[in-house]
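Accompanying notes for the structure given below.
The values are calculated or read from the model by the stated rules, or taken from the named source; none is laboratory data. None of the values given here were measured: they were computed from a predicted structure. Please note: Cβ atoms are built from the backbone with ideal geometry, for glycine as well, and neighbour counts cover all protein chains shown.
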């Protein structure tokens, strides 16, 4: 319930801020409002861009990700590749597992 209350408060604050901004811009005149909106828009874009980069770098995986080891410490073999080829008026209904390769299989697709 607290999360919903915070979300509603944030939404209400954002609506009030935008409404106040519109009223302020309406009172200062069209030319001045245009200049001020351009500056504020550039600053907000920079702040949101930097915030996005910070979030991306903080969630970036650190180090090398190792595959899970099987019994005895060896790495399990890769999942089999399922190759489906159809010609004419054929319909494929489902793929149960593996990779779906459309077209001619390449040398790395055959196992």
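Condition first: surrounded by 10 or more Cβ atoms within 10 Å (Cβ to Cβ) and either in a loop (DSSP other than H, G, I, E, B) or at pLDDT below 65 (or both). Can you find one or more residues in segment 38-52 that meet it? No, there is no match, as no residue in segment 38-52 is surrounded by 10 or more Cβ atoms within 10 Å (Cβ to Cβ) and either in a loop (DSSP other than H, G, I, E, B) or at pLDDT below 65 (or both).
Looking for whichever is assigned to a helix (DSSP H, G or I), surrounded by 10 or more Cβ atoms within 10 Å (Cβ to Cβ) and out of contact with any helix residue (DSSP H, G or I) (no Cβ under 6 Å at 6 or more places or on another chain) here; the options are 11, 5. Which one fits? Just one listed residue meets the conditions, 11.
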